[in-house]
C-alpha cells in the first residue's frame, strides 16, 4: 500500500522541482513512520523524471513547437523526419531538467536546428519583441559574427564605414573579450549584443584580442546613431575602380549602381569587386547585381529544393551595359558566404573573373523566414544553390584562383590592402593578354 505521506511529498517534489526539494528536505534519508524509508537519491531521481515529463509535455503541447515542426516538415529543403527532431528535443530536456531558467521550447527549437544545418536560425520571443520595438540604431557601428559559443569571444566581421568603430581603429577579425569590464566569454550572442548598445553620447571601452598582438588591447568609443551603408567605392590607379559590398540588403543593387557611378563609367579599364566578409543577404538583390554583368537569360545558378532543381536566370538590368564587358576581379575570404559566394562563382563562370584572396565559407543554402505565431520566428534553409555549370560549394567553399594574404587588420580598401594590390595585378594581366 502506498504511504500517504510519501504520495503527498511526491506531489510536492513534482511541483517544486529538484533544486527546491533539496532546500526543503535537506540531504540524507527521509523517514515516514516505522515502515517507509527512502534516500534522497531516489527522491532526486523521481523529481528529475517528473520535471522532464513536465517539460516534455510543455514542448509537445506548445503551439510554437508545433508551428516550427510544421514549417520544417513542409518547407525545409530536404525531407526531414520530425519524429527525430522530437527525440532530440526529449534528450536535451532530460539533460537540463533542473535548469528552470531555460525555456524548454526555445531550447528544443535551437537544438533541433543544430541537427539540420549551419545556416538555419531561430529568433526567440524576447529577441523577436526587441526587434519589433527597435529604435534607430545607436552604437559604435560593428558588423558581428552571430555564431558565438559560450566561453568564446565575440568576433568582429568589420566596422561600418564612417562609424565610431571605423574611426576608432577596429579591424576585421578583432575579437571582443570585455565590454566595459564585462567578460563577453560568459555571455551568449544576444546578451553580448545588448551590452554593446546604449544611449547616444555614452562611452564604451572594449578589450580586444587582435591577431599579431601579444596581449589584449583596449579601445574607447562614444556611441552615436549609425547610418548603415553596405556599399562603398573608390577609384584605383590606371583607370580601375573598387566596389565593396558588405551585405546584400534589399536595396543593394540600386546602391551598388549609385556608388559605382561616382567612380566609374564606360571607359573604366577594370573593376575590383570586394565581397570579403560578406555573409550573403537578400537573394533577389544578389541576382540583380549579378545580372548587371551578364546578358539577359543566362543561367546563373541551379536551385534545388525537395529533389526538384530549377534554373535561376539573369534578368534584364537595363542600363550600364558596359558592365557586361569590363574585366572583373573578385576579392573573397573565409567569411565570404551564401549569396556572396554565389555572386563570386557566377562572375567566375560567366565573366571569367578571377577570385583573389582565401577559400570561402561554404555556405550555399537559401534561407526563408517564417513567423511562429507572431511571437517568434525561424529562418529555415528552403533551397540549396549550385552554380550554373553545376559546381557545388556547400560545406567546401570556393577555392581561389590567386591566393592573397588577409589584410592583417588593415581597413578594407586602404592603400595597404594586399588583396586589392593582387587584384590590380590581375587586371593588368588581363590587359596584357588582350594585347598579345
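The values are calculated or read from the model by the stated rules, or taken from the named source; none is laboratory data. Note that the structure is predicted; figures quoted are calculated from it, not measured. Positions of Cβ are generated from backbone atoms using ideal geometry, with glycine treated the same way; all protein chains shown enter the neighbour counts.
Is it the case that the range 196-203 has a residue that's in contact with a helix residue (DSSP H, G or I) (Cβ under 8 Å, 6 or more places away or on another chain), surrounded by 12 or more Cβ atoms within 10 Å (Cβ to Cβ) and in the same structural domain as residue 170 (by TED's automatic domain parsing)? Steps first, answer last, please.
Of the range 196-203, the ones in contact with a helix residue (DSSP H, G or I) (Cβ under 8 Å, 6 or more places away or on another chain) are none.
Checked the range 196-203: no residue is in contact with a helix residue (DSSP H, G or I) (Cβ under 8 Å, 6 or more places away or on another chain), surrounded by 12 or more Cβ atoms within 10 Å (Cβ to Cβ) and in the same structural domain as residue 170 (by TED's automatic domain parsing).
Take residue 348 and decide whether it is more than 19 Å from residue 75 (Cβ to Cβ) and modelled with pLDDT under 95. Outline the logic, then answer.
On the way: more than 19 Å from residue 75 (Cβ to Cβ): yes; modelled with pLDDT under 95: no.
No; evaluated as a whole, the condition is false for this residue.
For a quick check of your reading: which strands (runs of 3 or more DSSP E) sit entirely within the range 105-172 and have at least 2 residues that are out of contact with any helix residue (DSSP H, G or I) (no Cβ under 9 Å at 6 or more places or on another chain) and surrounded by 17 or more Cβ atoms within 10 Å (Cβ to Cβ)? It would help to see each step written out before you state the result.
Numbers: elements: 121-123, 142-144, 154-159.
Here the list reads 154-159.
In this structure, is residue 235 crowded, with 20+ Cβ neighbours inside 10 Å and under 30 Å from residue 266 (Cα atoms)? Step through it out loud before you land on a result.
Working: crowded, with 20+ Cβ neighbours inside 10 Å: no; under 30 Å from residue 266 (Cα atoms): yes.
Answer is no for this residue.
For the condition out of contact with any helix residue (DSSP H, G or I) (no Cβ under 8 Å at 6 or more places or on another chain), under 26 Å from residue 156 (Cβ atoms) and either touching a residue at least 12 places away in the same chain (Cβ under 8 Å) or in a helix (DSSP H, G or I) (or both), what is the one hit in 335, 331, 343? Step through it out loud before you land on a result.
Numbers: 331 fails: out of contact with any helix residue (DSSP H, G or I) (no Cβ under 8 Å at 6 or more places or on another chain); 343 fails: out of contact with any helix residue (DSSP H, G or I) (no Cβ under 8 Å at 6 or more places or on another chain).
Step by step, each of 335, 331, 343 is checked, and only 335 is out of contact with any helix residue (DSSP H, G or I) (no Cβ under 8 Å at 6 or more places or on another chain), under 26 Å from residue 156 (Cβ atoms) and either touching a residue at least 12 places away in the same chain (Cβ under 8 Å) or in a helix (DSSP H, G or I) (or both).
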